[in-house]
Amino acid sequence: MPSPRPLGNITRGTTNPNRLRRCDRWLIATHRDVLTKGGPPHLVDLGHGASGVTTVEWADRVRAVRPDVHVTGLEIDPERVATAQAWARPGVDFALGGFEVPLPARRRARVVRAFNVLRQYDESEVEVPWRTMVDRLDERGILVDGTCDELGRLGSWVTLDADGPRTLTLSWRLRDLDASRPPSVVAERLPKALIHRNVPGEPVHDLLALVDDAWRRSSPFAPYGARQQAVAALGDVATQVPVIGGADRWRLGELTVPWSLVAPRGGPLAQRW
């Protein structure tokens, strides 16, 4: 009997080495318990693209804290799956699959990382894949749905668990920011659930305006370097709205906030499930 068709649509499939390093670094630092507690974790790189490089890089990074990790790269395009086999090695494999997250022996995923996948869908199509992927997580599992530029220097991601969206993280290469390119430039790389909501009256628009304003007010720190300016600016933001994490993340160009702060007004994504 033929296998069911994978859930989803074939997307552009572009990828680059080191493109997802910022999210990987953040995940290991802020969700170490998810990776290190419980039985051997199975991670899924959903939509790895034309190459298996980001899947292998993720496995190498996570092994620093969890040597027995297994990572599966999934693609909906059979040609990409075939090409990625050249990257397979012990603890890293590649298979055909989509949002249904098929794993052998009915295993469940500890983390599903879906980057630059849902960005190519309509906003109205986000909730069903989110719920489908979350249903394939184990009891400790999380889903990370994100978007980044081609070199991974600018991006953002939403973290979800069985109860729905938890957080939004914004990420910048700080030295790329200046007066003409303020932090709100990340709006072009918001996840699909938010990218069309960067308009007056929506919470994510208010957050980006707040961050831009704090960045401008922190300009006296610029001579000391972009990291010092970021610590000052994001520390200012943290006095005005809930922020998760502190200066150790800000100096790396990361800001994480609760989903409730940025959730779209109205609709199924307005709150946790």
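Of all residues in region 149-161 being small (Gly, Ala, Ser) and in contact with a Gly (Cβ under 8 Å, 6 or more places away or on another chain), which is farthest from Gly245 (Cα to Cα)? So that I can check it myself, show each step before the final result.
We begin by selecting, within region 149-161, every residue small (Gly, Ala, Ser); these are 152, 155-156.
After this cut, where a residue has to be in contact with a Gly (Cβ under 8 Å, 6 or more places away or on another chain) as well, the list is 155-156.
Working: Gly155: 18, Ser156: 16 Å.
Looking at the filtered set, the residue picked out is Gly155.
May I ask you to say which residue of Asp161, Asp145 is charged (D, E, K, R) and within 19 Å of Leu20 (Cα to Cα)? Write out each step before concluding.
Working: Asp161 fails: within 19 Å of Leu20 (Cα to Cα).
Testing whether each residue is charged (D, E, K, R) and within 19 Å of Leu20 (Cα to Cα) leaves just Asp145.
List the helices (runs of 4 or more DSSP H) that sit entirely inside region 199-273 and contain at least 2 residues that are among the charged types (D, E, K, R) and within 20 Å of the chain's Cα centre (by Cα). Steps first, answer last, please.
Details: elements: 203-217, 226-238, 247-250, 259-262.
Answer list for region 199-273: 247-250.
Among the numbered criteria (1) within 13 Å of Leu170 (Cα to Cα); (2) of a type in the set (Lys, Arg); (3) surrounded by fewer than 17 Cβ atoms within 10 Å (Cβ to Cβ), which one does Arg227 miss?
Result: Arg227 passes all but (1).
Looking at (1) among the aliphatic types (A, V, I, L, M); (2) under 23 Å from Arg12 (Cβ atoms); (3) loosely packed, with under 15 Cβ neighbours inside 10 Å, which is the one condition that is false for Ala193?
(3)
In the set Arg89, Arg113, which member is closer than 22 Å to Val128 by Cβ and either at pLDDT 95 or above or touching a Ser or Thr at 6+ places or on another chain (Cβ under 8 Å) (or both)?
Values: Arg89 fails: closer than 22 Å to Val128 by Cβ.
Matching residue, one of Arg89, Arg113: Arg113.
Of the residues Val199, Val257, Val243, only one is among the β-branched types (Val, Ile, Thr) and farther than 23 Å from Arg21 by Cα; which? So that I can check it myself, show each step before the final result.
Details: Val257 fails: farther than 23 Å from Arg21 by Cα; Val243 fails: farther than 23 Å from Arg21 by Cα.
None of the other options fit; the residue is Val199.
Being outside any strand (DSSP E or B), open to solvent by 30 Å² or more (accessible area, probe 1.4 Å) and over 15 Å from Leu7 (Cβ atoms) narrows it down to one of Asp93, Asp68, so name that one. Steps first, please.
On the way: Asp93 fails: outside any strand (DSSP E or B).
Matching residue, one of Asp93, Asp68: Asp68.
Determine, yes or no, whether Val56 is of a type in the set (A, V, I, L, M, F, W, C), under 19 Å from Arg89 (Cβ atoms) and free of Cβ contacts under 8 Å to residues at least 40 places away in the same chain.
Taking the combined requirement at face value, the residue satisfies it.
Going through Asp77, Asp45 one at a time, which residue ends up being in contact with a Ser or Thr (Cβ under 7 Å, 6 or more places away or on another chain) and acidic (Asp, Glu)? If you could, list the steps in order and put the result at the bottom.
On the way: Asp77 fails: in contact with a Ser or Thr (Cβ under 7 Å, 6 or more places away or on another chain).
Result of the check over Asp77, Asp45: Asp45.
The values are calculated or read from the model by the stated rules, or taken from the named source; none is laboratory data. As the structure is a prediction and not an experimental result, all values here were calculated from the model. When we count neighbours, we look across all protein chains shown, and the Cβ atoms used for this are built from the backbone with ideal geometry, even at glycine. We work out accessible area using only protein heavy atoms, side chains counted, and drop any ligands, DNA or RNA first. Shrake-Rupley method; radii C 1.70, N 1.55, O 1.52, S 1.80 Å.
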